[in-house]
Amino acid sequence: MEAFQERVVADKTELDEKIVKLDSFRAGKTFRTLPEDEQDRLNRQLSFMQQYSGVLADRIAAFKA
């Protein structure tokens, strides 16, 4: 695997860890105490992160093709 491909894999791994942490935070008590607009921003952030992770997954799959 080339260096840039390894970076993409590492980026996806790091992003997926952040997704898990944000999703866990959303399930906790603190999230429910936040103002609704902040909850909305965090929900949108998670959605974008998941979409980005999907794009990285597609790129990684193409490396193997």
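The values are calculated or read from the model by the stated rules, or taken from the named source; none is laboratory data. None of the values given here were measured: they were computed from a predicted structure. Quick reminder, even Gly has a Cβ in these numbers, built from the backbone with ideal geometry, and neighbours come from all protein chains shown. To get the accessible areas, we keep the full protein, side chains included, count just its heavy atoms, and leave off ligands, DNA and RNA. Shrake-Rupley method; radii C 1.70, N 1.55, O 1.52, S 1.80 Å.
For region 23-65, a residue qualifies if it is among the hydrophobic types (A, V, I, L, M, F, W, C) and within 19 Å of residue 13 (Cα to Cα), and the qualifying residues are 25, 46, 48, 49, 55, 56, 57, 60, 61, 62, 63. Scanning region 11-65 for residues that are free of Cβ contacts under 8 Å to residues at least 40 places away in the same chain, among the small types (Gly, Ala, Ser) and either open to solvent by 100 Å² or more (accessible area, probe 1.4 Å) or touching a Lys or Arg at 6+ places or on another chain (Cβ under 9 Å) (or both) gives a single hit, 65.
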